[in-house]
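I have placed the structure first, in the form of structure tokens, so that the comments after it can refer back to it.
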Amino acid sequence: MITVIGNANIDLIAQADTFPLQGETVRGKDFQTAPGGKGANQAVACAKLGHKVQLIGTTGTDSFGEMIVANLRKQQVDTSYITQVEGPSGVAVILLMEGDNRIISIPGANHALSLERMKELKSIIGASQLVMMQLELPVDTVWYVLKLCKDLEVPIIMDPAPSTSFQMEYMPYVRYLTPNETECAQLFGISIEETVTNYPNQLLVTLGKDGVCYHDHEEIIFVPGVPAQVVDTTGAGDTFNGALASRLVQGSDLQSAVEFANVAASLSVGKFGAQGGMPTMLEVGKKAENLANENK
Ligand code: RIB
């Protein structure tokens, strides 16, 4: 079982031809709501690929909370450890322009995912094959999980987003850290090549359409990106993380897991919404086969 500890949101998505400048109003083209939140997205990505996954999270007492849980159940995510707390659920306001996005995530109930709750779920977390975590959570919760998983030898994949919540002291506790290019620059302040060399087989930098870069203890590896029809890049990183986790727990080596996750992420950007384009195992297999045939 993979355990995702993280936020669940409802995304409020406004589409326009341009992002507004400071103080400017631009005319929008469309508005939609969709399930999101990095934690929920990662869990759905694993479930769609056929892996058993549970989300430890919190929702509010509003109608968004019901929508979040109903969607997770529909997607076959185990919701046994999602609790409801008084007040609003997490929401993210997403501005979408030509497939690219800007996101403001408002924690709401996600902020109640407390250290005490982690203590209550200690044995559940400890029995996991792998834990996935992002940083839209209270800091003491993150620290508790990191230390617990280190003690119990449960590997953690951490997506350091938002990067402002990352602490360099997390590194020895994390099995894989998966920043994107921007987060990597914000966190380490040196070139990607230098950074991955400092953290071999631990730091996987996602480069969007250019793939993924890491160091395998001998050399820098660039796993090339997979061509995609981009509709919406929201959730591509979450799909990458979910697919990576589901391959790693099945015993894949790192390079094959990254290649698989790249294909999954490339499919996820083809449809609208963070979870809308997340692929099934069959879809990833089909695309991987097509790519292999093209490269013959
Ligand atoms: O990674 C994308 C997600 O970040 C969105 O679904 C939004 O809810 C924020 O958490």
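The mean sequence distance of close C-alpha pairs (under 8 Å, at least 6 residues apart), as a share of the length of the chain, puts its relative contact order at 17 percent. Rolling a 1.4 angstrom probe over the range 143-225 with all protein chains present gives an accessible area of which 49% lies on carbon and sulfur atoms.
The simple spin-label model puts a point 7 Å past each Cα toward its Cβ; for residue 169 and residue 292 those points are separated by 4.7 nm.
A simple spin-label model places pseudo-atoms 7 Å from Cα toward Cβ; at residue 220 and residue 116 they are separated by 4.8 nm. Protein-only accessible surface at a 1.4 angstrom probe places the residues 282, 244 in the order 282, 244, largest first. When the chain is treated as a GNM, springs tying every alpha-carbon pair under 10 Å, which of 193, 24, 181 comes out with the largest mean-square fluctuation? Checking each option, the largest mean-square fluctuation is seen for 24. Subtracting the Cα-Cα distance of residue 147 and residue 29 from 0.36 nm times their residue separation leaves 37.9 nm of extension gain. Averaged over its residues, the range 4-134 has an accessible area of 47 Å² per residue, based on protein heavy atoms and a 1.4 Å probe. Note on residue 52 and residue 84: the model spin-label points, each 7 Å out from Cα along the C-beta direction, lie 2.7 nm apart. Accessible area ranking (1.4 Å probe, heavy atoms, ligands and nucleic acids excluded), largest first, for 18, 79: 18, 79.
As a size descriptor, the averaged projected area of the C-alpha convex hull of the chain was calculated at 15.5 nm².
Against the compact-protein benchmark of 2.2 N^0.38 Å, the Cα-based radius of gyration of the range 173-274 scales to 1.02.
Build a GNM of the chain with springs between Cα atoms under 10 Å apart, and of 47, 236, 34 the one that fluctuates most is 34. Remark on residue 215: its backbone amide H falls under 5 Å from those of 201, 202, 203, 221, a criterion applied only to residues 5 or more positions apart or on other chains, H modelled at 1.01 Å from N.
The separation of the range 237-281 from the range 3-71, counted between C-alpha centres, amounts to 18 Å.
Can you figure out the FRET efficiency of residue 123 with residue 252, using R₀ = 25 Å and their beta-carbon distance, to the nearest 0.05? Result of the calculation: an efficiency of 0.40. Only Cα sites of the range 56-128 enter the Debye sum here, all with the same form factor; the resulting log10 I(q)/I(0) across q = 0.17, 0.21 1/Å is -0.75, -0.98, listed in q order.
Using the rule -39500 (n - 2.57) for each DSSP H run of four or more residues, divided by the residues of the chain, the 222 nm mean residue ellipticity is -10500 deg cm²/dmol. For residue 84, the residues 5 or more places off, or on other chains, whose built amide H falls under 5 Å of its own are 59.
The values are calculated or read from the model by the stated rules, or taken from the named source; none is laboratory data. Because the structure is predicted, anything quoted here is derived from the model rather than measured. Cβ sites come from the backbone with ideal geometry, for glycine too, and all protein chains shown count toward neighbours. All accessible areas refer to the heavy atoms of the entire protein, side chains included, with ligands and DNA or RNA removed. Shrake-Rupley method; radii C 1.70, N 1.55, O 1.52, S 1.80 Å.
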